[in-house]
1. Using the eigenvalues of the Cα gyration tensor, what equivalent ellipsoid semi-axes result for region 213-350 when each is taken as the square root of five times the eigenvalue, whole Å, largest first?
2. For a Förster distance of 35 Å, can you work out the FRET efficiency between the beta-carbons of residue 98 and residue 20, rounded to the nearest 0.05?
3. Between region 99-157 and region 264-328, what is the separation of their alpha carbon centroids in Å?
4. At 222 nm, what value in deg cm²/dmol follows for the chain if DSSP H runs of at least 4 each add -39500 (n - 2.57) and the sum is divided by all its residues, to the nearest 500?
5. Using the alpha-carbon atoms, what tilt in degrees (0 to 90, nearest 10) does helix 259-278 show relative to the longest principal axis of the chain?
6. Going from the alpha-carbon gyration tensor of region 159-211, what semi-axes, largest first and in whole Å, does one get by taking the root of 5 times each eigenvalue?
7. State the antiparallel share, in %, of DSSP beta bridges confined to the chain, rounding to the nearest 5.
8. How compact and how long is the chain, expressed as Rg and Dmax of its alpha-carbon atoms in Å?
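What follows draws every value from the coordinates through simple rules; no lab data is involved. Treat the numbers as computed from the prediction; the structure is a model and nothing was measured. Using ideal geometry, Cβ is built from the backbone for each residue, glycine included, and neighbour counts are taken over all protein chains shown.
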């Protein structure tokens, strides 16, 4: 590597794509594509693979921004354009009807990029779709309540799974969206709908909207370990400039990364965070599988979900809220997810 090596699941996938298109691995997070051997032909191949792998459409015209893995990783987490301006994206078609379809719901930033490595770890016969915020697309306003989001997602899922069964998977805010979407789908279909959540509680603790957005950007998307408290009260652009400067100082983002993209990411995080704060879950029944981080101290084993379903199967993963969605945590989730599908008889060809 020739620069910083803070590779998370999204950056690792991008790194593999660059290796495939460039034919070597002598680059890091902040190296520009053209500076490490990229030309017009390899760039076109790279964009095709990014679109296919993440289900997002990123224009080759990056507005003059340096094209680096660090920059692309952040764009994919929160400001890429959903393909065809729809919430539902097919991540993998699967093979035959042996497995039910898996639907992955976006976390706070609105993107499904976090699931890229998980999809790679799952049996390739499993059909996988993602649900991402329509607010990421230019000219489209995001839904502003959990119920509105779930209504949209249920309407897009229904035609793709007329006979079931299906599995709804959600990390963080995505778990809340999976829960409410399951409620709406169960009102229409009788087939099994299994919910799998990763580190989410039934009720979010209301926080300052800006603080939520800055923390999601700085510490979830960028992983720079920044205390965002001093940013509260600053003008939005000044706060974002400080986050960008810290990320650039750590070799994660180019120093001139677009403020427009950072604004969009923060806006979607604020809207989704406010929707989560206002959501009040209701009893649903059925079973639920929960993966929770070991960082929940003094909280019930099921994080409170036992009051909303009949049974919760809990798995505790080492690490904090962000770390459990990296390699070791994802391997456990993938393994347990496949075992759960088989053990519960959710396969069509049981």
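1. 36, 19, 15
2. The pair residue 98/residue 20 has a calculated efficiency of 0.75.
3. So the two Cα centres are separated by 16 Å.
4. -11500 deg cm²/dmol
5. Between helix and principal axis, roughly 20 degrees.
6. Three semi-axes, in Å: 27, 10, 9.
7. Among the beta bridges of the chain, antiparallel pairing accounts for roughly 20 percent.
8. 19.6, 58
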